[in-house]
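In what follows, a structure is listed as structure tokens, so that the remarks can point back to it.
The values are calculated or read from the model by the stated rules, or taken from the named source; none is laboratory data. Please read all numbers here as calculations on a predicted model, not as lab measurements. Cβ sites come from the backbone with ideal geometry, for glycine too, and all protein chains shown count toward neighbours. The protein model used for the area step is the full one, side chains on, heavy atoms only, and it has no ligands, DNA or RNA in it. Shrake-Rupley method; radii C 1.70, N 1.55, O 1.52, S 1.80 Å.
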Amino acid sequence: MPKQSPVSLDPRSPLVLDTRELPRRPGALRTVNRVVPAPSDLGGELIAVPEGADLELDLRMESVSEGVLVSGTVSGPVRGECGRCLREINDSVAVTIQELYAYENSTTDVTTEEDEVGRMQGDLIDLEPAVRDAVVLALPTNPLCRQDCPGLCPDCGVHWDDLPADHSHQQIDPRWAGLSQLTRTEE
Ligand SMILES: [Zn+2]
Ligand SMILES: [Zn+2]
């Protein structure tokens, strides 16, 4: 009995590729250019592609002897929060994908682990895990609204951008006074 994958894929699901139109002959090619709604949790806690946002797939599927090689780019908008000042970040991400999906019961299927090489389920490919991995890897773990974001004044919580250069809260610890002088001259 052929091995059955635990979850059956829905061919209409946005990140499932259907290879029925792709001849199973090494070298055969099909391109996939489409915009799909982003799945939930695509990214990290602080920055992610909003669920339902336009995710652009610009991929090609190529038949190889044991399966289908999917390569190309996936891009979409990202939204997050600056780790220093909590301002909203609106950016975009583009990741490169190159992933082999083995035919069911091919030698590759039988001789490799599923975490080494992807698997096809019949004619379908679930692209979501690969896209998710690539996007998570591409997004910063400490997102910033801009590289030199000065953050918030620890005493009043106002963004340093919105404060006058000589902003201070009295009682500067004498040990730090020299340092704050230094920071100011840098501006
Ligand atoms: Zn910031
Ligand atoms: Zn302050």
Open item on the list: As a test of the formula, what do you get for the chain when each DSSP H run with n ≥ 4 contributes -39,500 (n - 2.57) and the sum is divided by the residue count, at 222 nm and rounded to the nearest 500 deg cm²/dmol?
Closed with: -4500 deg cm²/dmol
- [ ] Return the carbon/sulfur percentage of the accessible area of region 16-138, one whole number, probe 1.4 Å, all protein chains in place.
- [x] 44
Open item on the list: How large is log10 of I(q)/I(0) for the chain at q = 0.09 Å⁻¹ when the intensity is taken from the Debye formula with one equal scatterer per alpha-carbon?
Closed with: -0.49
TODO: Mind putting together the pair-distance distribution for region 1-73? All Cα pairs, 5 Å bins, whole percent per bin, short to long.
DONE: 3, 14, 18, 20, 20, 14, 8, 4, 1, 0
Task: Cβ-based net charge around G67, under 12 Å, with every Lys or Arg adding one and every Asp or Glu removing one - done: -4
